[in-house]
1. Tell me, what is the FRET efficiency for residue 153 and residue 70 to the nearest 0.05, using R0 = 35 angstrom and their Cβ-Cβ distance as r?
2. Using only the Cα atoms of segment 67-157, each taken as one equal point scatterer with no solvent, compute I(q) by the Debye sum, divide by I(0), and report log10 of the ratio at q = 0.14, 0.17, 0.20, 0.23 Å⁻¹.
3. Would you report the distance distribution of C-alpha pairs in segment 76-121 as whole percents per 5 angstrom bin, up to the bin with the largest distance?
């Protein structure tokens, strides 16, 4: 009898929790928070400063939307690395971080044998880009530039 009452009580709690109103300002049709335009790439929070790379530079669990480099979405890892270097030299750390993240994505484009999709890439370029991002996250811009320079040389162009 007690078990049945406990199950009933849990069911009522779950029903009440699922019937909670949406957070304030949330679009009920899309689920987007205020300031997030679905399908546009524009979202809040936005920042032009690098952040959320590692524990030392993470102030919020929500990473900000960073400015993209002006080289197009289909650029090569080499082009993204050159853009990261230019942005970092100009002090645009958020854009540099975004360019490094996009370079990583392009460097990870590869064929993977069936059922081995969880195998990490052994590409040294991917490691160099990760090292550059970690240096950027630690605030060591000179080290980040040095690693980016080395990655540019190894990026195949």
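Each reported figure results from applying straightforward, stated rules to the coordinates on display, with no laboratory input. These figures come from a predicted structure and were not determined experimentally. Here the Cβ is made from the backbone with ideal geometry for all residues, glycine too, and neighbour counts use every protein chain on show.
1. For residue 153 and residue 70, the calculated efficiency is 0.90.
2. -0.45, -0.64, -0.85, -1.07
3. 5, 25, 22, 15, 12, 10, 7, 4, 1
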